[in-house]
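The values are calculated or read from the model by the stated rules, or taken from the named source; none is laboratory data. Quick caveat: nothing in here was measured; it's all calculated off a predicted structure. Cβ atoms come from the backbone with ideal geometry, glycine included; neighbour counts cover every protein chain shown. What goes into the accessible areas is simple: the full protein's heavy atoms, side chains included, and nothing from ligands, DNA or RNA. Shrake-Rupley method; radii C 1.70, N 1.55, O 1.52, S 1.80 Å.
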Amino acid sequence: MRHLRYGFPAASLLFFCVAFYLPLSSKAINNIFYIGLAAPALGWLLWRPRALDVLARGFAWVIFPLIGMSLLAAGSLADLKAGLYFLLFLFGLLMLDEGQYAKRSITAFAILSVLLLCYLSFDWAMIRLETGQWIRYHHLLGEVINPVHFALLITTALAFLWLFHAEPWLSRYDKRYVMAGFTVLTCLVLLSATLFQARSALLGFGLFTAAYLFQRKMLLPMGAALLVAGLLLLPLLSLDELLAERGTSYRPEIWADTLHRLRHDCGLIAGCGTDDHLFAGRFPHPHNGYLATLYQMGLPGFALFTAFAAVFIWRSSKARSRWALIAWIGWGALLTTSNGMFTSPKPLWIYFWLPTFLAILESQPNTVRDYFAKRHALSAEQRARRAG
């Protein structure tokens, strides 16, 4: 019975993740989320409304900042739905987490991501043989893709497979196997970042690596070994030249223009909202998720996000959350990419919000347990009333 109840939203979560690799319209991807995950989550929550007080108390530190940022970001009443969708994404993951369905869906997505990386790497190598040049891969199925998003999705998938599957298996043997496995993971991420020329993915993975090695108490030995290996491997394969080919990608100019417009044209308190300004004369957004939040929502919105981030870091670090380690990939990447964090369904939802929300759930097992316990008690009470 449970498989029938959760099968559709679990399949929808998988399809939602994979959809960002496919040439689908934004409307089609939004509908996958709305129909496949948001609507079932809303129905599931309202089926036992008397249990919602447990979630309201336990996750108040998440709910209020999301609602507050939704209000500040809203250009119209219709935009207020964004906060509701984020909460339904969080509680949809909670719904699927009861039977480990979220983990199963993400495992399937991660395996497909690895297969995609293998195919793209082979095609990339063939192009090199034909043209004599290493290109920046930016086409798939005849469509132009965003290479940074692809690199971040694949990096997130690789980190998940490592933390939830490969590392637990290798840990049963010798620590040297774990170190060797992590080195392989690093090489795969480096391959993906080079193929897509995605420095943002490398930045995010660097933050993940530092947090992982610190949590596993391997920061000095393993960190030093990876640093030396990277310094040797990059120039040996000429990957350093390939990654440096695009220079700074105008990031300093974009950020300087963002701050100038915020201070002199809009104001730090009100922010600029979501306008049509072209940063540095040609770019449609600030290419920094944190700066974009300040630009769009002003200091009140940025303060709400900062409060949320501080509690998230404290709780997830205290719980030694594996999902938080994966979330650092997205948190690090947003230093050099993204048009803010409060968006309609986009790849950002997979490499940033999905691991962040799952880290929140993993970091508060008592709240999750109490909620399910109350749901089950209410179900038992209802069955007893019917029997009586």
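For this structure, a couple of remarks:
- Evaluating A303 against the criteria (1) buried (at least 16 other Cβ atoms within 10 Å of the Cβ); (2) within 23 Å of the chain's Cα centre (by Cα); (3) without any contact (Cβ under 8 Å) to a residue 24 or more places away in the chain leaves one unmet condition, (1).
- Filtered residues of region 148-177 (kept if without any contact (Cβ under 8 Å) to a residue 60 or more places away in the chain and either buried (at least 21 other Cβ atoms within 10 Å of the Cβ) or of a type in the set (S, T, Y) (or both)): A151, I154, A157, L158, W162, S171, Y173, Y177
- The residues listed here are F86, F91; of these, the one that is modelled with pLDDT of 95 or more, open to solvent by less than 20 Å² (accessible area, probe 1.4 Å) and either within 30 Å of L294 (Cβ to Cβ) or in a helix (DSSP H, G or I) (or both) is F91.
- Just one of (1) open to solvent by 10 Å² or more (accessible area, probe 1.4 Å); (2) part of a helix (DSSP H, G or I) fails for F182. It is (1).
Yes/no per residue for (1) touching a Gly at 6+ places or on another chain (Cβ under 6 Å); (2) touching a residue at least 40 places away in the same chain (Cβ under 8 Å); (3) open to solvent by less than 30 Å² (accessible area, probe 1.4 Å):
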site: Y290; (1), (2), (3): no, yes, no
site: V311; (1), (2), (3): no, yes, no
site: A319; (1), (2), (3): no, yes, no
site: I329; (1), (2), (3): yes, yes, yes
site: S344; (1), (2), (3): no, yes, no
site: V368; (1), (2), (3): no, yes, yes
site: R375; (1), (2), (3): no, yes, yes
site: R383; (1), (2), (3): no, no, no
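- Every residue from region 186-204 that is of a type outside the set (S, T, Y) and open to solvent by less than 10 Å² (accessible area, probe 1.4 Å): V189, A193, L195, F196, Q197, A198, A201, G204
- Region 313-369 - residue that is under 23 Å from A292 (Cα atoms) and hydroxyl-bearing (S, T, Y) and, of those, nearest to the chain's Cα centre (by Cα): Y351
- Region 115-130 - residue that is touching a residue at least 40 places away in the same chain (Cβ under 8 Å) and of a type in the set (A, V, I, L, M, F, W, C) and, of those, surrounded by the most Cβ atoms within 10 Å (Cβ to Cβ): L117
- The helices (runs of 4 or more DSSP H) found wholly in region 1-75 and carrying at least 3 residues that are under 21 Å from the mean Cα position of the chain (by Cα) and modelled with pLDDT of 90 or more occupy 2-19, 26-33, 60-73.
- Count of residues meeting criterion [of a type in the set (G, A, S), modelled with pLDDT under 85 and closer than 20 Å to M341 by Cα] in region 272-290: 1
- Helices (runs of 4 or more DSSP H) (entirely within region 99-170) containing at least 3 residues that are more than 15 Å from F20 (Cα to Cα) and in contact with a helix residue (DSSP H, G or I) (Cβ under 7 Å, 6 or more places away or on another chain): 101-131, 147-161
- For region 135-147, filtering for residues that are open to solvent by 50 Å² or more (accessible area, probe 1.4 Å) and either closer than 22 Å to G332 by Cα or touching a residue at least 40 places away in the same chain (Cβ under 8 Å) (or both) leaves 6.
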